[in-house]
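J.: Please see the structure below; I have some questions.
The numbers here are math on the coordinates, done by the rules we state, and not lab data. The model shown is predicted, which means the values in this text are computed figures rather than measured ones. Neighbour counts are summed over all protein chains in view; Cβ atoms, including those assigned to glycine, are modelled from backbone coordinates with ideal geometry.
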Amino acid sequence: MISSSQRDTQRIVSGKEKSSDTSFPENTLRPKKIEDYVGQEKIKKHLLVSISSAKIRKEALEHIIFYGPPWLGKTTLANIIANEMGVNIKSSSGPAIEKQSDLVSILSNLEEGDILFIDEIHRLKPQIEEILYTGMEDFSVDIMVGTGTWAQWVKLPLKKFTLIGATTKLSCLSSPLRDRFWNILKLDFYSDQEIGKILQKNSQTINLNLDDIIVKMLAKRARGTPRIANRILKIIRDYHTIGKNIYEQKELENILYDIGIDSLGLDYLDRKYLQTLLEKFAGWPVGLGTIAAAIGEEESTLEDVVEPYLLQVGFIERSPRGRKITFSGKEHINQ
Ligand code: ADP
């Protein structure tokens, strides 16, 4: 049986980076400055003010949390902020920080104004989270030195740093941690026009000359997600390399159809999810666990990756009684 993680890497619209992508300059496609970062206008405006004022006051930026579905640009923003502030960024993730001492060591190595970026911050263990409370507020941590009767708590001062957390599940963040962030910023899916801009720019970087019609067609299939737009670009570049005419609309449509992306960017897992709601459960509300068991997929994959976009396009509804396919969801799946 294929495991869910294996299956995820087979998804065309999966935003996960794949090992075979080394020839694709994903890193060079990542914007480095706010002015190159497309979309998320409210967030950019807010950040520009915060960054400018922190620079004038010569202080570290206040702690920030970015939340929203995967691959919308949270990590990219954290790196842009470091770049704009002219400081170092140290990146880690909730599950990677296993012991309190790991975090203390990271914190004590930060220089004045540096940024600590913690991806999937909701997955930090509670005892590790506690270290952050005083770290974020008082820029110090209490550590135990010595052993036995000589053991004692000592306050270790830290340089004034900025914590940037990213999460797909803001509700899973404990309130003491959440309350210590001054800025809680939500990333939304991108409009087709914004994705079009990203496609236009990135296609030029990788020497593809896409016209407006092709760009629009691809943008509609990128699920409002920059990384998926980049993923599609990579795939069509591969087809171009082996001699397919990707500049011909019909041929491109066939390629996208062959690789399992439909007219709205839904892939096999999205369609399987909708089909399961429609056919197995006859359109009645169903709990996430039941759907996951019926499909043979992990609940977290459905909740974090599949559902946000289906909710966004109005193909499903979520209520306390469960998930339900909508009329337009039924129409799309029956096409
Ligand atoms: P997240 O941290 O939310 O999962 P990332 O920051 O890793 O997402 O973004 C995934 C990729 O999408 C990046 O490598 C970058 O190339 C691209 N990207 C994200 N946001 C933007 C944007 N606003 N403009 C252009 N490209 C973007």
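J.: With every atom except the alpha carbons ignored, what do you get for Rg and Dmax of segment 192-258, in angstroms?
T.: In order Rg, Dmax, the Cα atoms of segment 192-258 give 10.5, 29 Å.
J.: So what is the relative contact order for the chain, in percent, with contacts set as C-alpha pairs under 8 Å and at least six apart?
T.: 18
J.: Looking at the chain as a GNM with Cα springs under 10 Å, which of P70, P31, P320 has the largest mean-square fluctuation?
T.: Maximum fluctuation in the GNM of the chain, among the listed residues, is at P320.
J.: Quick one: if you take sqrt(5λ) for each eigenvalue of the C-alpha gyration tensor of segment 62-126, what semi-axes come out, biggest first, whole angstrom? Write out the running numbers ahead of the final one.
T.: Numbers: eigenvalues 73, 61, 13 Å².
They are 19, 17, 8 Å, listed from largest to smallest.
J.: Round to the nearest 10 and give me the degree value, 0 to 90, for the angle of helix 249-258's Cα axis relative to the longest principal axis of the chain.
T.: 70
J.: From the helices alone, meaning DSSP H stretches of at least four residues, give me the mean residue ellipticity at 222 nm for the chain, per-run term -39500 (n - 2.57), in deg cm²/dmol to the nearest 500.
T.: -12500 deg cm²/dmol
J.: Show which lysines lie in cross-link reach of K155 when reach means a straight Cα distance below 21 angstrom and same-chain residues fewer than eight apart are skipped.
T.: Leaving aside lysines fewer than 8 places away in the same chain, those within reach of K155 are K99.
J.: Using a Förster distance of 25 Å, how high is the FRET efficiency between I242 and S263, based on the Cβ-Cβ distance and rounded to 0.05? Walk me through the intermediate numbers first.
T.: Details: r = 24 Å, r/R0 = 0.97.
Between I242 and S263 the formula returns 0.55.
J.: Looking at the calculated P(r) for the chain, what percent of the C-alpha pair distances fall above 38 Å?
T.: 25
J.: Can you tell me the FRET efficiency between E98 and R178 if r is taken as the Cβ-Cβ distance and R0 is 30 Å, rounded to the nearest 0.05?
T.: 0.85
J.: Calculate the spin-label point distance for K201 paired with S319, positioning each point 7 Å from the Cα along the beta-carbon direction, and give it in nanometres.
T.: In this crude label model, S319 to K201 measures out at 4.2 nm.
J.: Beyond a 31 Å Cα-Cα separation, which of these cross-linked pairs lie in this structure: K186/K324; K45/K244; K160/K186; K160/K234?
T.: Over 31 Å apart, Cα to Cα: K45/K244; K160/K234.
J.: GNM on the chain, C-alpha springs below 10 Å: top fluctuator among S50, S203, S319?
T.: S319
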